[in-house]
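Novice: Right, I'll just put the structure down here and ask away after.
The values are calculated or read from the model by the stated rules, or taken from the named source; none is laboratory data. The shown structure was predicted, so the numbers you read here are calculated from the model rather than taken from an experiment. Cβ coordinates were reconstructed from backbone atoms using ideal geometry, including for glycine residues, and neighbour counts include every protein chain displayed.
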Amino acid sequence: MKKTTLATVILATLVTAPVVQAYEKGDWVVRGGFTTVAPDDESSNIFVGESDLGVDLTVDSNTQLGLNVAYFITDNINIEVLAATPFTHDVDFGVEDPLGSGTQLGEVTHLPPTITVNYYFNDPAAAFQPYVGAGLNYTFIYDEAFTSANDDAGLTDLSLDNSFGVSAQFGADFMIDEKWHINGSVRWIDIDTEATFKLNGAEGEVADIQIDPWVYTISIGYTF
Ligand code: NI
C-alpha cells in the first residue's frame, strides 16, 4: 500500500501543474493578504521652543490586512493600487524614559494608499512571474496621541503631517492555476513627516521624521 504525505501531494501538484497562461492586456488581478509596514526610521531631535531635548523618536512596525487591485494595460505592464486596513504604530522615545513616563511616547495611525506601475517579465511558460515597479504614495496620518502617562507629564496636541512620496517594489506571483496565484512583494516607500506638540503649553516639534518603511506583503490573488 502506498503512503502519501502532504509533501508528496504538494510536490506532485507542482510538478504536474499545467502550463499556465501568462498575463494578458485587459486582465484584472485582485489580491488579499497581510501587509507589514516596518519603518526604517530616522528622526531629528525633539525640540521644545529653542531647546533641544537631546532625544529623537522611533516608530515601530505594524501588520494589517492588505488589499491590492491591478489592471494590465499591456501584456507586461499593470497599474496597481495598494490599500489596507489602517496601520497603528507605537512611537517611542529614542532613549529610555526621558520624562520618567516609560519609553512609549504615543501612537499614530495611518493609511498609505500607493499607486504603482509594474513591469512583468511575463514568461508565458513559467508558473513563477516576477515583476518590478515604481509608484507614488500618499500617507494620511491621523489619531496621533500621547500615552496617558505622557499626557500626565504635560505632553499634548501631538500632530504629524501627511506625506507624499515615491515608492519602489519587486514581487512575484506563483501561479497555482489559470485563475489563482500566491503573491509576495517587498516595497520601499519614502514617507517623511514632521511632528508638532505642546509640553506644558510650550510649542514643541520634531522637524524631520523619515519613516521610510519597508513594506512586506503576502497574499492570495485571483485573475479575471
Ligand atoms: Ni525619506
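Novice: Looking at Val19, Val9, Val15, which is the one that is assigned to a loop (DSSP other than H, G, I, E, B), of a type in the set (A, V, I, L, M) and modelled with pLDDT under 95?
Specialist: Among Val19, Val9, Val15, only Val19 is assigned to a loop (DSSP other than H, G, I, E, B), of a type in the set (A, V, I, L, M) and modelled with pLDDT under 95.
Novice: Just need a number here: residues in the stretch 133-144 that are of a type outside the set (Asp, Glu) and loosely packed, with under 15 Cβ neighbours inside 10 Å.
Specialist: The total comes to 4.
Novice: Okay, moving on. Restricting to the stretch 174-197, name every residue that is surrounded by fewer than 17 Cβ atoms within 10 Å (Cβ to Cβ), more than 24 Å from Tyr120 (Cα to Cα) and either of a type in the set (S, T, N, Q) or at pLDDT below 95 (or both).
Specialist: Thr196
Every residue, every condition in (1) within 16 Å of the ligand (Cβ to nearest atom); (2) within 25 Å of Leu136 (Cβ to Cβ); (3) in contact (Cβ under 8 Å) with a residue 40 or more places away in the chain, yes or no:
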site	(1), (2), (3)
Met175	no, no, yes
Trp180	no, no, yes
Val186	no, yes, no
Asp190	yes, yes, yes
Glu194	yes, yes, no
Phe197	no, no, yes
Gly204	no, no, yes
Thr223	no, yes, yes
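Novice: Let me ask something additional. Out of all the residues in the stretch 23-62, which are more than 18 Å from Gln169 (Cα to Cα) and assigned to a strand (DSSP E or B)?
Specialist: Trp28, Glu42, Ser43, Phe47, Val48, Ser51, Asp52, Leu57, Thr58, Val59, Asn62
Novice: Let me ask something else. Return the pair list, or none, for Cβ contacts closer than 6 Å from residues in the stretch 55-78 that are of a type in the set (D, E, K, R) to residues that are not in a loop (DSSP other than H, G, I, E, B), at least 6 apart or on different chains.
Specialist: Note: pairs meeting the criteria are Asp56/Ser43; Asp60/His89; Asp60/Asp90.
Novice: Of the conditions (1) within 30 Å of Phe47 (Cβ to Cβ); (2) among the hydrophobic types (A, V, I, L, M, F, W, C); (3) within 16 Å of the ligand (Cβ to nearest atom), Ala134 clears all except one; give me its number.
Specialist: (1)
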